[in-house]
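Note sheet for the following structure.
The values are calculated or read from the model by the stated rules, or taken from the named source; none is laboratory data. Keep in mind the model is a prediction, meaning the values are calculated, not measured. All Cβ positions, glycine included, derive from the backbone under ideal geometry; neighbour counts span all protein chains shown. Remember, those area values only see protein heavy atoms, side chains included, never the ligands or the DNA or RNA. Shrake-Rupley method; radii C 1.70, N 1.55, O 1.52, S 1.80 Å.
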Amino acid sequence: MKAFRLDELEAERVANQGAYLQFLRERNMSVGLYALDAGQSDPQQPHNQDEVYFIASGRASVTVGMETTTVGRGSVVYVPAGVPHKFHHITEDLRVLVVFSPPEG
């Protein structure tokens with residue numbers, strides 16, 4: 001079994017000084033923790049994989065293609081491969097679990 005604690009993943013992400021920490025990679029998917037602080041800009045570009053975002057904490061808006069919605073703790077967002085998407089208007093530090101399928105590059 002592989003089990004993870006969000007607080008430990010956050011500490012590892014901070015220690016690696018990056019906004020994204022991939023912590024699981026399997027044949028058909030990968031999972032990571034993505035962090036954006038309040039007021040920060042999201043530099044993402046479209047990905048070649050489908051993605052699912054699970055918002056673990058924080059508040060923001062997210063635009064996927066031409067649609068925008070507000071997200072917060074407990075929100076789940078699906079992003080199809082190749083579709084432009086960005087978090088914006090981040091009002092509370094955002095911590096997002098990201099599932100890529102197939103695994104991210």
About its Cα centre, the chain carries a charge dipole, from +1 on Lys and Arg Cβ atoms and -1 on Asp and Glu Cβ atoms, whose size in debye to the nearest 20 is 160 debye
Using 10 Å bins from zero, what percent of all Cα-Cα pairs in the chain falls into each bin?
15, 50, 32, 3
Okay, helix-only estimate at 222 nm for the chain: each DSSP H run of n ≥ 4 adds -39500 (n - 2.57), divide by all residues, round to 500 deg cm²/dmol; what do you get?
-3000 deg cm²/dmol
Going 7 Å from the Cα of MET1 along its beta-carbon direction, which residues of the range 17-36 have the amide nitrogen within less than 20 Å of the resulting point?
23-26, 31
Pop out the carbon and sulfur fraction of the accessible area of the chain as a percent, whole number, probe 1.4 Å.
53 percent
Quote the relative contact order of the chain in percent (integer), defining contacts as alpha-carbon pairs under 8 Å separated by 6+ residues.
34 percent
State the answer as a single residue: which of MET29, PRO43, VAL14 lies farthest towards the positive end of the charge dipole of the range 6-48, with beta carbon charges of +1 for Lys and Arg and -1 for Asp and Glu, about the Cα centre.
MET29
Net charge contributed by nearby residues that have their C-beta within less than 13 Å of ARG13 (K/R +1, D/E -1):
-4
Per residue, how much accessible surface does the range 2-46 expose to a 1.4 Å probe? Answer in Å², no decimals.
66 Å²
Taking 0.36 nm per residue of separation and subtracting the Cα-Cα distance, what length does fully extending ASP50 through LEU24 add?
7.8 nm
